[in-house]
């Protein structure tokens, strides 16, 4: 099973010098039961959990070495407030990384979270000029009287876009002496039920999709796509690491029951 471990510059951890070249096996010599925090080679199944043990000094290549390791044989796994920890009888250093950030990237790039963060960043940083903003707001104004819920939802997505957050010069002044604040007021005061998470069974949901498709076609801005990517990231961050199944498999039957009960 793959895990993640940090050593000192001499490949020592808790006074044990690890063999780290040629995929050589490190094995516990004693016959005591393998137990987290007691006996065995320790590592984390999620590299983000390593910060609990190394703190602010974790990303210091002058002091540490960072590696993906393979753990097998007898092992014991535990999940706590600190995250995932595994103790094993055998450990093989598979690959060293120059920094902690590089180790995280190796893990994150395989995670769905990485995909959605990249998508959100791409959607957030589309090139928008004044003409596009005027065209987009004109579409929303036109739709507002008939579809207040849909427009209020999409407009708030627009105001959260990273590329527009500090660019009020693109909005103010707008045509007919209007300003961005006027349109916000119209959205939020005339329609005072702000929808942060649309109900897919509600009639306005179809209007959100229809108006968003129009905005995408004419302005090349995907406001609903921003919402979906943002929500997916939030959901993934509030749940479990993408290798949660591996973690569960490594746990004892008793702890597995406790974890699943609290899941």
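The values are calculated or read from the model by the stated rules, or taken from the named source; none is laboratory data. Not measured: the values here are computed from a predicted model. Positions of Cβ are generated from backbone atoms using ideal geometry, with glycine treated the same way; all protein chains shown enter the neighbour counts.
Residue by residue, here is whether (1) surrounded by fewer than 17 Cβ atoms within 10 Å (Cβ to Cβ); (2) over 30 Å from residue 113 (Cα atoms) holds:
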{"position": "14", "(1), (2)": "yes, yes"}
{"position": "31", "(1), (2)": "yes, yes"}
{"position": "46", "(1), (2)": "no, no"}
{"position": "63", "(1), (2)": "yes, no"}
{"position": "66", "(1), (2)": "no, no"}
{"position": "69", "(1), (2)": "no, no"}
{"position": "72", "(1), (2)": "yes, no"}
Check your understanding: When you go through (1) more than 30 Å from residue 47 (Cα to Cα); (2) at pLDDT 85 or above one by one for residue 227, which number turns out not to apply?
Key -> (1)
Study note, to complete from the structure: Across the stretch 30-45, the tally of residues that are closer than 18 Å to residue 93 by Cβ and at pLDDT below 85 stands at 1
Exercise for review: Considering only the stretch 16-28, state which residues are in a loop (DSSP other than H, G, I, E, B) and surrounded by 15 or more Cβ atoms within 10 Å (Cβ to Cβ).
Suggested key: 18, 20, 28
Exercise for review: Within the stretch 101-155, count every residue that is touching a strand residue (DSSP E or B) at 6+ places or on another chain (Cβ under 7 Å) and at pLDDT below 80.
Suggested key: 0
Revision key, fill the gap. Scanning the stretch 104-135 residue by residue, the ones that are under 25 Å from residue 232 (Cα atoms) and either in contact with a helix residue (DSSP H, G or I) (Cβ under 7 Å, 6 or more places away or on another chain) or crowded, with 19+ Cβ neighbours inside 10 Å (or both) total 15
Revision key, fill the gap. For residue 29, the lone unmet condition from (1) under 18 Å from residue 104 (Cα atoms); (2) out of contact with any helix residue (DSSP H, G or I) (no Cβ under 8 Å at 6 or more places or on another chain) is (1)
Review point. How many residues does the stretch 1-18 hold that are within 30 Å of residue 111 (Cβ to Cβ), modelled with pLDDT under 90 and out of contact with any helix residue (DSSP H, G or I) (no Cβ under 7 Å at 6 or more places or on another chain)?
Key: 3
